[in-house]
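Every number in this text was worked out from the coordinates using simple rules, so none of it is lab data. Quick caveat, the model's predicted, so the values are computed rather than measured. Counting neighbours? That spans all protein chains shown, and the Cβs are built from the backbone with ideal geometry, glycine included.
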Amino acid sequence: MILPTHIKKNNIKSGLYVVSTPIGNLGDITHRAIEILKQSDYILCEDTRVSKNLLDKFEIKSKLISNHKFNEKKNLFKIIGILKNNLIVSIISDAGTPAISDPGKILINECINNDINIYPVPGASAVSAAVSVSGFSEKYYFYGFFPDKNKNLNIDFNILSKLDCSIVFFVPPNKINKAIEQIKFFFSDRKVLICREISKFYEEYIRKKVVDLQPFDKKVKGELTIVLSEKDNSKNISNILSESDKKNIKKMIKALSIKDITDLISGNKNISKKTIYDYCLKLKNEK
């Protein structure tokens, strides 16, 4: 019996497979992921050296193509050509799911434009793993990695601070102390869970109130997943500035930074930092 060209052996269809790989413990890979990877004609790897540890463990011999954020656009024509020949191509990242704060979206959109089949192969996720042990709201917003520029982060955090749900961030170890500073400024009314090395031997979970967060005094190893809780609505914090507060802010706005004014006013009165920040921002924009 001759199978149609779009069906490969073991009933695996041709197309692009977005395969989730373990975020730490290699035992977290699924049976289906192993089967798909073994049947793939090509596997796109973010870092072939990292992926080889996983592939060798499960005796996966498929051909590898290096595909990372610096060459994924250059690779497009070649990979689309392979896929149009009714072959099976899998894409994996160093850990977790491709296209979720990792390369993959560019290729996926090109496959959509060319009517090429795309199939997800679910698996381990740092996001859902962290939320599942947080004890916070199951409704969450995933932000991903912080932007490089502080100005963009302040704008985003100003918006995110209005959300009454859990919020999830990825933070590289070298940026954690700066992240703590920003989080304390915008999310002081929440709780936080810091997850380090999820599912690995040295995994660690730090639970605190945001106001009690302190910078790490030594170098942190391993990528961090941070979960902020929903808002704590039990506190009687005012969202209204009095006229006298507004007058004081207008006097200080030329001499002090918005952060300094916010800390000063909120430290003396039970007023939301967010309310003070927004009013300062309004005055700055009116100039």
Next on the checklist: I want to check the label-to-label distance for ILE108 and THR30. Put each point 7 Å from Cα in the C-beta direction and report it in nm to one decimal.
Outcome noted: 1.5 nm
Checklist entry - Hey, got the Cα dimensions of the chain along the principal axes, in Å, largest first? => result 85, 42, 31
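Roughly how large, in nm² to one decimal, is the mean projection of the convex hull of the alpha-carbon atoms in segment 81-183?
Working: hull surface 35.0 nm².
In nm², the orientation-averaged hull projection of segment 81-183 is 8.8.
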Item to check | Alpha-carbon Debye profile of segment 11-124, log10 I(q)/I(0) at 0.19 Å⁻¹ | outcome: -0.92
Checklist entry - Add -39500 (n - 2.57) for each DSSP H run of 4 or more in the chain, then divide by its residues: what number comes out at 222 nm, to the nearest 500 deg cm²/dmol? => result -11000 deg cm²/dmol
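With the Cα gyration tensor of segment 127-228 in hand, give its eigenvalues times 5 under a square root as the equivalent ellipsoid semi-axes, listed largest first in whole angstrom.
Values: eigenvalues 73, 55, 32 Å².
In descending order, the three semi-axes are 19, 17, 13 Å.
Looking at the chain, send over the antiparallel percent of its DSSP beta bridges, to the nearest 5. Could you put the intermediate results ahead of the total?
Numbers: 18 of 40 bridges.
The answer is about 45 percent antiparallel.
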